[in-house]
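Report on the structure given below.
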Amino acid sequence: MIFLMKCFIAIWLNLFLCSVILFAQSNISVLKKVVIDAGHGGKDPGAVGFGLKEKDITLSVALKLGKLITEHFKDVKVIYTRTTDEFVELYRRAKIANNAKADLFISIHVNSSKKPEPYGTETFVMGLSKSDANLDVAMTENAVILKEEDYKNQYEGFDPHSPEAYIIFSLYQNAFLDLSLTFSSYIQNEYEKIQRENRGVKQAGFLVLWKTAMPSVLTEIGFISNPDDASFLANERNHWLYAKSLFNAFSKYKGMLEGKKYIELDYKDIQHYLKEIKQSTVDTTKKDSPHKDSLIVSNFQDTLPKNNFQKVIEKLVQPKTNDTIYFYVQIASTDKPIKQFKVSGVEEFKMDNLYKYVCGKSLAYSEVLEKQKDIKKYYPDAFVIAIKNGKKIPLSEALKQTKN
């Protein structure tokens, strides 16, 4: 009952604040201050897997992003929520941004799943979780408050494990939702350019975004629980690719706000940084590490094959060829294009002079079968297909090849 009363009060206050903030938003035309938030840190390692810790990877990418922005935009002040391996409470991260009167807040994280199949990148804005998967991600990230002292008072009695507690979050950040969504879409498009799977832009109730008074996003740069993603995340050179992607998204967003031509960095523009990276590993748990802005994840070479960065670069400069087999749920096949669908994430393929519409893309057959169950609620005739190099192949052949 107390919580519900707080919800109603918060809703009333938020409606009032939204009217004030919306006026301020209408005057947002410059981007002079950005807060870069490296997720987790100190006693909170974040997601772990294959000898990796989320807190190390996020700090590495955050510092590299900040360096690129500082070098290319002299008119922008970069503010970090942390620059070392330290624990920073979630409410303090928002407070840092608000006190600085920042124009943009970027929180960098690494995802994890109980299953090894999920992979790829996704970016979140503040809002009501529209799926169980989004809610699970938010709950995982928010659970860090249990490590904080006096968290019940700091977060007004919020229970990070209660689904009902997330209802109130649907109103926060509404004033900046459009700008946050725009920036998020730029980020996801840039990830695709470095061969990272695009899982889309989503909404969920993240405490770190809760009280930020500016456009804010939380981006998950890969799954530490997936062997392929983990291998990519383990290589510090790839951290520069993530930083480049986020920089280009930032640059495009700034250009959009200010009506100016934006800067777009190519992989060649960061090669001088790559040459500086040492191949030996360093202990990133020490706060006084001499490699504060060039962290290399330790103890990884013994758990996964070394990632060949040159192959990643080759993919960026050569025409795309993809022998990977993907499973989809096909929902329609027609001789005329379809523009509206009852489900999201629909892709179009032109095969045999027909438009085929599919969704639920996955590397795992078992995962796409689960997606098919939900999709069949809207498209009862939906069925699973396999695609390789843009062409449909027999499902039996696909299962045989993926098994091998």
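Quick grid of which residues meet (1) within 19 Å of residue 120 (Cβ to Cβ); (2) at pLDDT 85 or above:
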{"residue": "350", "(1), (2)": "no, no"}
{"residue": "353", "(1), (2)": "no, no"}
{"residue": "358", "(1), (2)": "yes, yes"}
{"residue": "365", "(1), (2)": "yes, yes"}
{"residue": "371", "(1), (2)": "yes, yes"}
{"residue": "376", "(1), (2)": "no, yes"}
{"residue": "380", "(1), (2)": "no, yes"}
{"residue": "397", "(1), (2)": "no, yes"}
{"residue": "402", "(1), (2)": "yes, no"}
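Take residue 119 and decide whether it is surrounded by fewer than 22 Cβ atoms within 10 Å (Cβ to Cβ) and among the aromatic types (Phe, Trp, Tyr). Judged against the criteria, residue 119 is not a match. Which one is farthest from the chain's Cα centre (by Cα), of the residues in the range 361-377 that are outside any helix (DSSP H, G or I) and more than 24 Å from residue 340 (Cβ to Cβ)? Within the range 361-377, the match that is farthest from the chain's Cα centre (by Cα) is 364. Scanning the range 387-404 for residues that are over 10 Å from residue 326 (Cα atoms) and of a type in the set (Ser, Thr, Tyr) gives a single hit, 396.
Scanning the range 25-52 for residues that are closer than 30 Å to residue 177 by Cβ, modelled with pLDDT under 95, buried (at least 16 other Cβ atoms within 10 Å of the Cβ) and hydrophobic (A, V, I, L, M, F, W, C) turns up just one, 47. Taking the range 378-404 as the region of interest, how many residues are in a helix (DSSP H, G or I) and surrounded by 10 or more Cβ atoms within 10 Å (Cβ to Cβ)? Selection size over the range 378-404: 7. In this structure, residue 4 does not qualify as surrounded by 12 or more Cβ atoms within 10 Å (Cβ to Cβ), at pLDDT below 75 and either farther than 22 Å from residue 218 by Cβ or in the same structural domain as residue 224 (by TED's automatic domain parsing) (or both).
Per-residue answers, yes or no, for (1) at positive phi; (2) among the aliphatic types (A, V, I, L, M); (3) in contact (Cβ under 8 Å) with a residue 24 or more places away in the chain; (4) not assigned by TED's automatic domain parsing to the domain that holds residue 266:
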residue: 187; (1), (2), (3), (4): no, yes, yes, no
residue: 192; (1), (2), (3), (4): no, no, no, no
residue: 197; (1), (2), (3), (4): no, no, yes, no
residue: 216; (1), (2), (3), (4): no, no, yes, no
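The set of residues in the range 239-268 that are farther than 21 Å from residue 184 by Cβ and touching a helix residue (DSSP H, G or I) at 6+ places or on another chain (Cβ under 7 Å) comprises 240, 261, 267. Residue-level check: of (1) loosely packed, with under 10 Cβ neighbours inside 10 Å; (2) in contact with an Asp or Glu (Cβ under 8 Å, 6 or more places away or on another chain); (3) modelled with pLDDT under 50, residue 280 misses just (2).
Count of the range 56-83 residues, restricted to those that are more than 15 Å from the chain's Cα centre (by Cα), assigned to a helix (DSSP H, G or I) and not hydrophobic (A, V, I, L, M, F, W, C), is 8. Scanning the range 195-239 for residues that are crowded, with 21+ Cβ neighbours inside 10 Å and polar (S, T, N, Q) turns up 203, 212, 216, 219, 225, 226, 238.
If you take the residues of the range 348-366 that are surrounded by 15 or more Cβ atoms within 10 Å (Cβ to Cβ) and hydroxyl-bearing (Ser, Thr, Tyr), which of them is farthest from residue 385 (Cα to Cα)? Before you say what the answer is, go through the steps one by one.
Restricting attention to the range 348-366, the residues satisfying the condition of being surrounded by 15 or more Cβ atoms within 10 Å (Cβ to Cβ) are 349, 355-365.
If we keep only those that are hydroxyl-bearing (Ser, Thr, Tyr) too, we end up with 355, 357, 362, 365.
Values: 355: 14, 357: 11, 362: 11, 365: 10 Å.
Among residues in the range 348-366 that are surrounded by 15 or more Cβ atoms within 10 Å (Cβ to Cβ) and hydroxyl-bearing (Ser, Thr, Tyr), the one farthest from residue 385 (Cα to Cα) is 355.
Taken over the range 82-126, the criterion of being among the hydroxyl-bearing types (Ser, Thr, Tyr) and modelled with pLDDT of 90 or more is satisfied by 83, 84, 107, 112, 113, 119, 121, 123.
No other residue among 342, 336 is in a loop (DSSP other than H, G, I, E, B), surrounded by fewer than 10 Cβ atoms within 10 Å (Cβ to Cβ) and without any contact (Cβ under 8 Å) to a residue 40 or more places away in the chain apart from 336.
Of the numbered criteria (1) under 17 Å from the mean Cα position of the chain (by Cα); (2) surrounded by fewer than 23 Cβ atoms within 10 Å (Cβ to Cβ); (3) modelled with pLDDT of 95 or more, the one residue 252 fails is (1). Within the range 191-245, can you find the residues that are hydrophobic (A, V, I, L, M, F, W, C), more than 25 Å from residue 176 (Cβ to Cβ) and not in a helix (DSSP H, G or I)? If the condition is that a residue be hydrophobic (A, V, I, L, M, F, W, C), more than 25 Å from residue 176 (Cβ to Cβ) and not in a helix (DSSP H, G or I), then 194, 223, 224 are the ones that fit.
The values are calculated or read from the model by the stated rules, or taken from the named source; none is laboratory data. These numbers come from a predicted model, not from an experiment. Note that each Cβ is placed from the backbone with ideal geometry, even for glycine, and that neighbours are counted across all protein chains shown.
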